[in-house]
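The values are calculated or read from the model by the stated rules, or taken from the named source; none is laboratory data. Note that the coordinates shown come from a computational prediction; the quantities given were computed from them, not determined experimentally. Cβ coordinates were reconstructed from backbone atoms using ideal geometry, including for glycine residues, and neighbour counts include every protein chain displayed.
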Amino acid sequence: MAKAPGTVLITGCSSGIGEATALRLVRKGWDVHATARRPETLSALAEAGCSTLALDVTDEDSMTTAVAAVLDSRGRIDALVNNAGYSQSGALESIDLTDVRRQFETNVFGLIRLAQLVLPAMRRQRSGRIVNIGSMGGRLTFPGGGAYHASKYAVEALSDALRFEVAGFGIGVVLVEPGLITTRFDEKVAAEMPEGSGPYAAFNAAVLKSTLEAYDGPMAKLGGPPEAVARTIEKALTKKRPRARYLVPPSAYGAIASRRMMPDRAWDLAMRSQFPQPR
């Protein structure tokens, strides 16, 4: 039997996957609490029937206030979708450590903290579902994406550990791993790319060009829309016995399989055909 709709808290709903997920779930009868750092970006979701809240996953007060608001008004949280995240690109030597820390605060530490905040209520209920949005990039690494990939590798490990730790309380943990999804993700990558000259300037420019082409060029045909991820998240929330991991779209399976079959030196050689090696 499928899990009935309940109260769900979703992070990062201002656009893309978060917005598509909130819209899909509210239309399916879920009590959706859609959040973003800037709640004014959520007006369309409010009109669709979602409750909207300010939530910054890098701010403790913001996280505790948002979770408390849902619990105060509904008395329970049946599901958490940890979607908020972005990509910090650039050669590792060229990235300021402040930016690396911010990457982990957003993609990793905020995810852990929100799980910690909702779990006491879920344990009391003896039920709940946490869906973490990881990435195909948590299982393979492209040059120029070290900080981002490291954060998504961390989400893989955290999800595996948490899944075991909370199962006895009736709580499920599912990891959704999107591949190329045609959102405005590329714009965020461009905004976070280190600027300036230096030994990695040409490399960083090539990484940015490759990223933009993936979203706007022929490679985009291998991607999927955010609605495809939203459908997968709904499946992760509603199936009685969901899989531990869901890859989406289908092209992500090919990329993961290729990386698994290639020795490291072969992978490095393949990357040199796509990216100029700094020298």
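Filter the range 236-279 down to residues that are within 16 Å of the chain's Cα centre (by Cα) and modelled with pLDDT of 95 or more and give me whichever is surrounded by the fewest Cβ atoms within 10 Å (Cβ to Cβ).
The selected residue is ALA244.
Give me a count of the residues in the range 239-279 that are among the basic types (Lys, Arg) and either closer than 12 Å to LEU140 by Cα or part of a helix (DSSP H, G or I) (or both).
The qualifying residues number 4.
Only one of (1) hydroxyl-bearing (Ser, Thr, Tyr); (2) in contact (Cβ under 8 Å) with a residue 12 or more places away in the chain; (3) more than 30 Å from MET262 (Cβ to Cβ) fails for SER89. Which number is that?
That leaves (3) as the condition not met.
State all residues of the range 96-126 that are part of a loop (DSSP other than H, G, I, E, B) and in contact with a Gly (Cβ under 8 Å, 6 or more places away or on another chain); if no residue qualifies, say none.
Passing the criteria: only ARG126.
Kindly provide the set of residues from the range 45-87 that are under 17 Å from ALA20 (Cα atoms) and charged (D, E, K, R), ordered by number.
Step one: list which residues in the range 45-87 are under 17 Å from ALA20 (Cα atoms), which gives 45-53, 79-86.
The one that is under 17 Å from ALA20 (Cα atoms) and charged (D, E, K, R): GLU47.
Answer yes if at least one residue in the range 124-147 is free of Cβ contacts under 8 Å to residues at least 12 places away in the same chain and not hydroxyl-bearing (Ser, Thr, Tyr), and no otherwise.
yes
Of all residues in the range 132-160 being closer than 22 Å to THR35 by Cα and in contact with a Pro (Cβ under 9 Å, 6 or more places away or on another chain), which is surrounded by the fewest Cβ atoms within 10 Å (Cβ to Cβ)?
Out of the qualifying residues, it is SER135.
Return the total of residues in the range 44-67 being farther than 22 Å from GLY85 by Cα and part of a helix (DSSP H, G or I).
Adding up the residues that qualify gives 2.
In the set ARG129, ARG76, which member is charged (D, E, K, R), buried (at least 20 other Cβ atoms within 10 Å of the Cβ) and not in a helix (DSSP H, G or I)? Quick ask: steps written out before the conclusion?
Details: ARG76 fails: buried (at least 20 other Cβ atoms within 10 Å of the Cβ).
Sole residue among the options that is charged (D, E, K, R), buried (at least 20 other Cβ atoms within 10 Å of the Cβ) and not in a helix (DSSP H, G or I): ARG129.
Please work out which residue is nearest to the chain's Cα centre (by Cα), limiting yourself to the range 8-59 and to residues that are in contact (Cβ under 8 Å) with a residue 60 or more places away in the chain and surrounded by fewer than 19 Cβ atoms within 10 Å (Cβ to Cβ).
Here the answer is SER15.
Do we find a residue being within 19 Å of TYR253 (Cβ to Cβ), at pLDDT 90 or above and part of a helix (DSSP H, G or I) anywhere in the range 157-173?
Looking for residues that are within 19 Å of TYR253 (Cβ to Cβ), at pLDDT 90 or above and part of a helix (DSSP H, G or I), one finds at least one in the range 157-173, hence yes.
Is there any pair with a first residue in the range 255-279 that is more than 18 Å from GLY144 (Cα to Cα) and a second that is surrounded by 11 or more Cβ atoms within 10 Å (Cβ to Cβ) and among the basic types (Lys, Arg) whose Cβ atoms are under 8 Å apart and which are 6 or more apart or on different chains, and what are they?
Qualifying pairs under 8 Å: ILE256/ARG139.
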